[in-house]
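Accompanying notes for the structure given below.
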Amino acid sequence: MNGIGFNAMLPRISNDSYDQSNICTINSIFTSVGSLFSAVAVTVLKFLGGEDSQKAWTIYVIILAVIALLGEVLCFIFVKEDPKIVVNQNKTPDRRETWKGMGALFRCNYFYIAIAMFILNYYLSLSVVGIGKYYAQYVLGNEDAFSLFGSVPMITMGIGLLLTPLAVKKLNKKNTLIIAIACVVLANLIGSVAPTSFAAAFTGVMVKGLGSAVVMSQLYTLAPDMVDYIAIKTGIRVEGLAASANSFGCKIGSGLGAATVLWLLPWCGYVAGASSQNNTALMTFTTLYWWVPLGLSIILLILASFWNIKKTQRNLN
């Protein structure tokens with residue numbers, strides 16, 4: 001729900017692509033901070049009483065809920081729409097306009113590219129997180145590597161996010177996105193070449209951090225692009241519809257990423273609590289952590305290369 005609100009609000013805060021990229025970059029910085037809480041969850045839960053302790057989980061969730069509520073309140077108080085953008089828009093569009101906007105959205109090729117990119121990106125994120133503990137414990141032989149790989153790459157993620165505004169200004173948004181995805185491809189390639197090597201895995205996750213944070217931030221600028229494009233073609237702004245479409249991609253990708261791990265664990269013969277696993281299980285852990293992400297990140301790179309919406313929009317003016 002937060003993602004829908006953010007996506008719908010973004011085109012109303014600014015029409016400038018560079019401003020939107022900066023806003024999404026700031027959003028991703030705080031998202032990365034939130035991800036850090038997930039990355040260190042195992043360590044924190046041990047401190048609070050252990051992973052099997054209901055009290056530890058309850059305390060941890062309450063802490064996260066309070067932090068989230070504080071962020072929501074601050075956003076509600078301080079974030080305002082730009083009156084120049086919405087001054088000529090009806091406060092309550094009629095049903096015909098809504099259906100017309102939906103039709104325009106469904107006829108837009110970029111709509112399907114955006115959904116596909118969100119599905120792939122969130123699948124990559126959730127599947128890697130889901131299988132990460134098993135990969136670290138049984139393939140690398142170091143369970144603590146899971147928390148390490150989730151926290152230390154925050155350094156390169158921060159560097160990537162800090163460089164994003166400069167890259168967008170110099171190279172434009174599309175090229176910045178392509179370069180960032182190329183970093184993710186390179187990272188997965190490094191890990192795929194030597195999946196049992198801690199050094200290769202560590203290098204891979206650090207390089208991936210540099211690109212993935214930028215990808216995550218710039219994907220959220222796709223919805224404003226579609227809103228402006230459809231507004232020029234039809235005269236109707238579809239902020240909510242475009243935001244819902246992106247959210248749909250997020251939910252599908254996240255669900256598939258988490259479900260894939262749960263589906264394949266019993267299939268590969270994983271034995272919970274065992275000190276070692278069979279070769280099929282080890283191959284599954286490696287495949288889900290490196291090889292599948294390599295193939296999907298290449299597809300993501302190809303899709304990004306087709307995002308020519310600004311060029312198409314200029315031809316309509």
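Exposure proxy shown here: for LEU74, LEU296, the number of other Cβ atoms within 10 Å sets the order, fewest to most, as LEU74, LEU296. Between region 190-228 and region 236-286, how many Å separate their Cα centres? For region 190-228 versus region 236-286, the Cα centre distance is 17 Å. Ordered by the number of other Cβ atoms lying within 10 Å of each residue's own Cβ, fewest first, ASP225, ASP82 fall into the sequence ASP82, ASP225. Of the candidates VAL205, VAL193, VAL227, which one comes out as most mobile in a Gaussian network treatment of the chain with C-alpha springs shorter than 10 Å? Highest fluctuation of the listed residues: VAL193.
Cα axis of helix 222-234 to longest principal axis of the chain: angle in degrees, 0 to 90, nearest 10? Here the helix axis deviates by roughly 20 degrees.
Expressed as a fraction of 2.2 N^0.38 Å, the value expected for a compact globular protein of N residues, the C-alpha radius of gyration of region 250-317 is 1.72. Name the most mobile residue of ASN121, ASN27, ASN279, meaning the one with the largest mean-square fluctuation, in a Gaussian network model of the chain with Cα contacts below 10 Å. Ranking ASN121, ASN27, ASN279 by mean-square fluctuation puts ASN279 first.
Measure up LYS174/LYS251; LYS80/LYS311; LYS173/LYS208; LYS208/LYS311 against 22 Å on the Cα-Cα distance and list the ones that go over.
Values: LYS174/LYS251 24 Å; LYS80/LYS311 29 Å; LYS173/LYS208 19 Å; LYS208/LYS311 29 Å.
Violating the 22 Å limit, Cα to Cα: LYS174/LYS251; LYS80/LYS311; LYS208/LYS311.
For the residues TRP57, TRP290, TRP267, TRP307, what sequence is obtained by ranking on other C-beta atoms within 10 Å, fewest first? Mind showing how you got there, number by number?
On the way: TRP57 16, TRP290 25, TRP267 10, TRP307 20.
Neighbour counts put them in this order, fewest first: TRP267, TRP57, TRP307, TRP290.
The angle between the Cα long axis of helix 154-171 and the longest principal axis of the Cα atoms of the chain comes to about 30 degrees, rounded to the nearest 10. One way to sum up the overall shape of region 122-170 is the equivalent ellipsoid from its Cα gyration tensor, whose semi-axes run 29, 13, 6 Å, largest first.
Using only the Cα atoms of the chain, construct the convex hull and provide its projected area averaged over every direction, in square nanometres to one decimal.
Details: hull surface 69.7 nm².
The directionally averaged projection comes out at 17.4 nm².
Taking only the Cα atoms of region 150-242, the radius of gyration and Dmax are 16.6, 55 Å. Mind pulling the angle between the C-alpha long axis of helix 2-13 and the longest principal axis of the chain? Nearest 10 degrees, somewhere in 0 to 90. Approximately 30 degrees, to the nearest 10. For the chain, modelled as a GNM whose springs connect Cα atoms under 10 angstrom apart, the maximal fluctuation among THR260, THR280, THR25 occurs at THR280. Straight Cα distances below 18 angstrom link LYS310 to the aspartates and glutamates ASP16, ASP19, ASP225, ASP228, GLU239, with same-chain residues fewer than 8 positions distant left out.
Shown here for region 168-243: chymotrypsin sites (Phe, Trp or Tyr not before Pro) in loop regions (DSSP other than H, G, I, E, B) with at most 12 other Cβ atoms within 10 Å, of which there are none.
Where a number appears in this text, it was derived from the coordinates with a stated rule and is not lab data. Keep in mind it's a predicted model, so treat the numbers as computed, not measured. Ideal geometry is used to build each Cβ from the backbone, glycine not excepted, and the neighbour counts take in all protein chains shown.
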